[in-house]
């Protein structure tokens, strides 16, 4: 009985710890708009560098963040996110996930999972460059934001334009954290 109690308490503590790490941040956009234009998934695939984001539990202390997307034969999208812990030269963390298109969303809304087939989150490509050199990604709660570029170090004009675009979409500039690359 005592061993069972210890096991249950340990499991409870682990679950609470996981919830604390994965807990969402503050709402940084109370009126997230629908995506502005369709997304050609084949053009969206490949490597993206995280220029900026809203801080969140699963990316805490991450720098040098990248996302790689590849269409699979079953039409799902393989997602490989990487981050360097604490610095661009820090230890590498890799997260593997899967995404699927949301019907009727013109490729601009995906459901993404890093935790198996039962836990999917929203991934909305709110806006992107016509040449797919940048992308602004959010989700309906307004707690998450990612600004992605194809270049690991976009020039100052692009950086300023992307921050301006995020604010125009309703995001709180004070919550945007630029990612070291």
**Shape of region 17-105, Cα gyration tensor, a/c cut at 1.5** = oblate
**Asked** Fully extended, how many nm does the chain gain between residue 61 and residue 172 (0.36 nm per residue separation, minus their Cα-Cα distance)?
**Response** 37.9 nm
**Request:** Could you work out how far helix 2-22 tilts from the main Cα principal axis of the chain, as a 0 to 90 degree angle to the nearest 10?
**Result:** 10
**Message:** For the chain, what does the helix formula give at 222 nm: sum of -39500 (n - 2.57) over DSSP H segments with n ≥ 4, over the residue count, nearest 500 deg cm²/dmol?
**Reply:** -6500 deg cm²/dmol
**Item:** Rounded to 10°, Cα long-axis angle of helix 156-168 versus longest principal axis of the chain
**Value:** 70
**Prompt:** Tell me, what is the percent relative contact order of the chain, built from C-alpha pairs under 8 Å that lie six or more residues apart?
**Reply:** 27
**Approximate spin-label separation residue 95-residue 131, in nm, with each point projected 7 Å along Cα-to-Cβ** = 3.0
**Prompt:** Separation of region 142-156 and region 26-66 by C-alpha centroid, Å?
**Reply:** 7
**Complete:** Between residue 31 and residue 72, the FRET efficiency computed from the C-beta separation at R0 = 22 Å comes out, to the nearest 0.05, as 0.05
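None of the figures in this text is laboratory data; all of them are computed from the coordinates on show. Predicted model only: the values in this text are computed from it and were never measured. Heads up, the Cβs are rebuilt from the backbone with ideal geometry, glycines too, and the neighbour counts pull from every protein chain shown.
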